[in-house]
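Where a number appears in this text, it was derived from the coordinates with a stated rule and is not lab data. The structure displayed is predicted, hence computed values, not measured ones. So basically every Cβ, Gly included, is an ideal-geometry build from the backbone, and we count neighbours across all protein chains shown.
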Amino acid sequence: MDYLKIPVNEKQLSLLKRIAKYDDRRLDDLINLVFSTGLSIYFCERSICISKNDDEYTEDEIKQKAINDKLLLDNPKFHYLTSEEQKEQGYKCVETTFSNYDSDNDFIDKLSDEIKNNALNEIKKDYKETEKNIIKENTPKEDKIYSLVDGTNEKSIVNGNTWNDSEVKNND
């Protein structure tokens with residue numbers, strides 16, 4: 001996976017880190033989510049159209065392009081046919097560009113969702129790993145005694161402490 005860099009000064013970086021912390025996120029995840037949202041918003045009312053690279057055509061589009069090319073080669077007057085006549089011969093238009101003109105096929109929204117999902121998948125993966133480790137580390141042992149409820153300054157489960165922290169020692 002490649003990475004983008006944006007220039008920020010020390011103050012801006014400090015603010016972004018604190019925003020991420022407040023939002024209970026890592027800075028990288030926040031930046032991905034903000035970028036994906038911003039990309040979608042920036043182009044919501046701005047049209048964009050870019051050419052597809054050869055590797056961005058689907059297999060069906062490649063096959064259809066070959067059919068279209070053969071139809072055009074075999075029939076020099078193909079363009080004089082009506083669109084119905086062209087379709088009857090097997091012609092289908094193959095989009096050679098990505099655009100956000102058509103809301104059903106808006107590549108900006110798809111790109112934005114993919115970038116957002118990159119961050120969300122990392123978050124989910126890290127959450128599962130953390131959850132797995134916490135469950136291993138934070139489980140009561142059968143042969144131990146724990147403080148479930150205690151004074152406000154004492155370590156106990158009710159006060160948000162772990163099972164290990166809430167263990168009652170012999171000298172307690």
0 to 90° range, to nearest 10: angle between helix 107-137 axis and the chain longest Cα axis: 20 degrees
Cross-link pairs beyond the 23 Å C-alpha cut-off, checked among K125/K155; K110/K132; K63/K87: K125/K155; K110/K132
Cα-based Kirkwood hydrodynamic radius, the chain, one decimal, Å: 22.5 Å
Helical contribution to [θ] at 222 nm, DSSP H n ≥ 4, -39,500 (n - 2.57), averaged over the chain, rounded to 500: -16000 deg cm²/dmol
Rounded to the nearest 20 debye, dipole of the chain from Cβ charges on Lys, Arg, Asp, Glu: 540 debye
Relative contact order (percent, whole number), the chain, Cα cutoff 8 Å, 6+ residue spacing: 20 percent
Net +/- balance of residues flanking L15 in space, Cβ distance below 15 Å, scoring K and R +1, D and E -1: +3
